[in-house]
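Have a look at the structure below before the remarks.
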Amino acid sequence: KAGVTQTPRYLIKTRGQQVTLSCSPISGHRSVSWYQQTPGQGLQFLFEYFSETQRNKGNFPGRFSGRQFSNSRSEMNVSTLELGDSALYLCASSSRAGTGGTEAFFGQGTRLTVV
Amino acid sequence: QQQVKQSPQSLIVQKGGISIINCAYENTAFDYFPWYQQFPGKGPALLIAIRPDVSEKKEGRFTISFNKSAKQFSLHIMDSQPGDSATYFCAASGQAGTALIFGKGTTLSVSS
């Protein structure tokens, strides 16, 4: 079985721009969760989608948004980029709703650098 | 109440030694406690997980010890190898449908 695929692997954007990241979950998994990883804050939950519906959201500003398509692929969008948005963005897929209480598989992440 | 506190921040262990990483939580609603291993340039990979109905779970060289009354859990890596050098994260969550809350991570270095 193919793992979780995130594209692109690396991105460099300028402050004020917007960016879209993509995640393809493991085949058959309907839940996709997004996490931000930074050296200072560690791994922080952004949001989770299950069957195209956002089920859970972390404590991030509205500039961070996402969506899920009927094939379970998910995209995450960050608008009006700030320097502090530089991070590794990780996607996790699981067969049941949420990454909690169940085995969650992470992709390799997208390294976003905002300059 | 949502925090998971992890210690130490970094750890150096001799090859063949035991690595011990500790985590503590406050939220009594947490009932799923996984450990993840992350190598540079990779995403976290699930190592082992435990639920509060057992006090210990062992998989190969990796053991989770769980103390429900103290709200603490720990990861023990027996016979540590240089290939175990990575960052380890503990996490906690409620039932299915909730998000994982991660500790800040422990960077383990196993010297040969």
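None of the figures in this text is laboratory data; all of them are computed from the coordinates on show. A quick note: this is a predicted structure, and the numbers were derived from the prediction, not measured. When we count neighbours, we look across all protein chains shown, and the Cβ atoms used for this are built from the backbone with ideal geometry, even at glycine.
The table that follows gives values for the structure above.
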| quantity | calculated |
| --- | --- |
| Shielding score for A:43-52, defined as the mean number of other chain Cβ atoms within 10 Å | 3 |
| GluC sites (Glu not before Pro) within the range B:15-109: DSSP coil, no more than 16 neighbouring Cβ in 10 Å | B:GLU26 |
| Chain B: relative contact order as a whole-number percent, Cα under 8 Å and 6+ apart | 37 |
| The range B:58-112, relative contact order [Cα under 8 Å, separation at least 6], % | 30 |
| Theoretical FRET efficiency, 1/(1+(r/R0)^6), r = Cβ-Cβ of B:HIS76 and B:GLN3, R0 30 Å, to 0.05 | 0.85 |
| Extension gain, A:ARG15 back to A:PHE69 (0.36 nm per residue minus Cα-Cα distance, nm) | 16.6 nm |
| Cα-centre dipole for the protein assembly as shown with unit charges at Cβ (Lys and Arg positive, Asp and Glu negative), debye to 20 | 280 |
| Relative contact order (%) - criterion: Cα under 8 Å, at least six apart; region: chain A | 37 |
| Gaussian network model of chain B, springs between alpha carbon atoms under 10 Å - residue of B:THR87, B:THR28, B:THR63 with greatest fluctuation | B:THR28 |
| Dimensionless Rg over Rh [the protein assembly as shown; C-alpha; Kirkwood] | 0.97 |
| Fraction in percent of alpha-carbon pairs per bin - 10 Å, chain B | 15, 50, 29, 6, 0 |
